[in-house]
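Here the structure comes first, spelled out in structure tokens, and everything after it is commentary.
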Amino acid sequence: MKRKFNLLLIAVSSVLSANIWASEFDEPAGAAINILSALQDSSAVIYINAENLVSENSTPPTLSQVKTQVLVENKRYLIDFSNIEHETEKNITRAKLRRSLGLLTLGDMVIISEHKGKLLFSQLESSDDTNLKRLEYKPKSRRVKKSISPLAEVDNSIPRVAFYIEAKRTISDAACNPTWNTYQGPVKSTGMCDNAHISLIYQVMLQRSLPFGTQGSATPDAKIVRIAIDDSTTGAGIQLNQNFDNILLHTRGIPWPEGGDEHEMVTTALAQSYDFNFNASNEKARILRTVPKSNLNKNYTNREISTFSFGVVAGGEASSDGAKGKLEASANWTESKWLSFETNDYRVDRHSNGPQHVGFEWAREQYPTAESVMVTTIHGYTAGITLPVDESRINKMGHASFLPKMEVIYSAAPDATGNTKFNIDSTVDITGFRYMTNVTPFFGVRTYYAKDDDHQVNSVNKNINFVVDWDHPVFTGGRPVNLQLGGFKNKCLAIDTQQQISAKECDEYDNQQAFIYSQDGHYISAYNTEYCLDSTDLTQAQSCNFSLTQKWSWEEKANQDNLKSAHLDHYLTHDKQTEKLSMTASTQSEASLSTKMYTRYVNVFDASTVETNSYK
């Protein structure tokens, strides 16, 4: 049974130390019941049963609502698709959320939490998933408020949507340890890893670049998806173990004066390679640029700056038209990211199998074998076992908290529609250095040997993906505005999920009240960019086309702003009592009507999350 969409605010009783569900909201269903009841404090969780979004009349939360609740009110979202049986219905709900938020990671349960002042998307795959901790209530840390420079204020006017997505998994002992070939047959090691995990946070930014500038220095005309792990967005990294040691695989006592093979051993885990692959699901997106742009040698150390120039629409600060200005590039906006590289024993190989794919592999090149790190060790067989390794040749990058740095920029055509799924795969190939000992008969001398012929590797990966909606209003490049009725104190036009037009109390964070004023004079709905304000029917938005009935311009008469349609040069008019919209030939109409209109910028997109270099 489809129920009315609600947000479930999960309350925890301070008296009963158990979860009590508020009766006026839908209760969690299916696996969510156990997941949420396992939390120590679920009071900050907003639970969405996506089953309730299947209905045509249901409305998902807006980006501004989610930002306010997560970033300001210290809430967390749990979006649950697991109760939807049919994949077609899952796709409906995902499309709604993607249209509202701009981006959505795939998975049956998605957590939205805060990371560095932005939204972080994480997948919840089981009741013992380590990401479950992100749902626990934690008091918000006090942060020192920084002064906002004029440059930062300008930065807030640049339309973009920025998120973080998380690649996180625990590496179990079974996944870490290979099976080795010993003189007694196959033996699976244990304990090569300790607190092993993949924990990386990727930053994703969606933005439109408009053509601006002269040939040779012009900015691209493209829709941009920028994915990066830079110096500010790393996560905990990839860890196999903290300390380097040896593990016995097999041993046998050898009585004097006998001799022979004695101990089989392997070191704790090392990364043979780290490999990161980015892939777009269709030809709508193509790789525009990457960092690193080519291969890197071992022992390479450098801090690189990655800059990208966008053509943008300047806000009121740089345009006399302000919010009444049409969508046209009027500035070059340059953004920068810092990426530090320290490759040590690893070289970095950039590889690609086409314009939609790129990969970066950190491959161990220096000291790659047991023989290459071995020190000659000979002693009596009654002495204790040692690790025959020069540990100065084992850099912690190979086993403790490796932090990769990279950036991939995808571009799509300015008229691209539909969506593209982006996959990010983070893989570590786990191995260890193999050694054995042999005791010389009669003399009882123990000698250590490298056993590189027994080279075993276990691959462990974490794949994450997200879908980008190319029809999202951020890709128009326009800064959203509202349309306020001058005959009322606080009423703005809004277009709902059924494209019906009404007047609502003005809310700068409501994307149903947001419009993009295009270069052609269209007022495109920021809630659904397929629909425009059309003078032939002011009760419902119409599919955008090139009709003059959808072309609007601003005209000032008698010290008031009026919105005029190119069709018959009539003015948008509203009844000051009923709010009904109409078109009139003159701004001097009867007392009950008004053609007076206002427009201002609204805040339905995210501000920048990257360092800004210039605005010129």
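Values computed for the structure shown
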{"read-out": "Amide H partners (placed H, <5 Å) of Ala526, local residues excluded", "value": "Ala514, Phe515, Ile516"}
{"read-out": "Nearby lysines by direct alpha-carbon distance to Lys596 (threshold 27 angstrom, same-chain neighbours under 8 apart not counted)", "value": "Lys324, Lys326, Lys489, Lys491, Lys504, Lys551, Lys557, Lys564, Lys576, Lys580"}
{"read-out": "Cα→Cβ-extended label distance, 7 Å offset, between Asp261 and Ala383, nm", "value": "2.4"}
{"read-out": "Fewest-first sequence of His399, His574, His357 by Cβ atoms within 10 Å of each Cβ", "value": "His357, His574, His399"}
{"read-out": "Gain upon complete extension [Lys293, Thr539; 0.36 nm per residue less C-alpha separation]", "value": "83.3 nm"}
{"read-out": "Computed lengthening from Thr440 to Lys489, 0.36 nm per intervening residue step minus Cα-Cα distance", "value": "7.9 nm"}
{"read-out": "Table column - 3J(HN,Hα) (Hz), the range 423-435, Karplus curve with 6.51, -1.76, 1.60, x for Gly and Pro", "value": "10, 10, 10, 10, 10, 10, 9, 9, 9, x, 8, 9, 9"}
{"read-out": "Estimated Rh, the range 497-616: Kirkwood, alpha-carbon pairs, angstrom", "value": "15.7"}
{"read-out": "Compactness of the range 166-278 as Cα Rg over 2.2 N^0.38 Å, two decimals", "value": "1.85"}
{"read-out": "Projected-area average for the chain over all orientations - Cα convex hull basis, square nanometres", "value": "34.8"}
{"read-out": "Burial ordering of Ser502, Ser392, Ser306, fewest other beta-carbon atoms within 10 Å first", "value": "Ser392, Ser502, Ser306"}
{"read-out": "Sequence of Asp496, Asp534 once ranked by neighbouring C-beta atoms within 10 Å, starting from the fewest", "value": "Asp496, Asp534"}
{"read-out": "Where labels lie 7 Å past Cα in the beta-carbon direction, separation of Glu56 and Lys138 in nm", "value": "4.4"}
{"read-out": "At 1.002 mPa s and 20 °C, Stokes diffusion of the range 428-517 via Kirkwood alpha-carbon radius, µm² per second", "value": "107"}
{"read-out": "Mean Cα-pair separation over length for the range 481-598, i.e. relative contact order, pairs under 8 Å, 6 or more apart, %", "value": "21"}
{"read-out": "When the convex hull of its Cα atoms is projected in every direction, mean area for the range 384-436 (nm²)", "value": "6.6"}
{"read-out": "Taking the chain and dividing mean pair separation by its residue count, relative contact order in percent (alpha carbons under 8 Å, at least six apart)", "value": "14"}
{"read-out": "Where the Cα pairs of the range 81-130 fall when distances are cut into 10 Å bins, in %", "value": "23, 51, 24, 2"}
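Bear in mind these aren't lab numbers, they're just calculated from the coordinates by the rules spelled out. The shown structure was predicted, so the numbers you read here are calculated from the model rather than taken from an experiment. We place every Cβ from the backbone using ideal geometry, glycine too, and count neighbours over all the protein chains shown.
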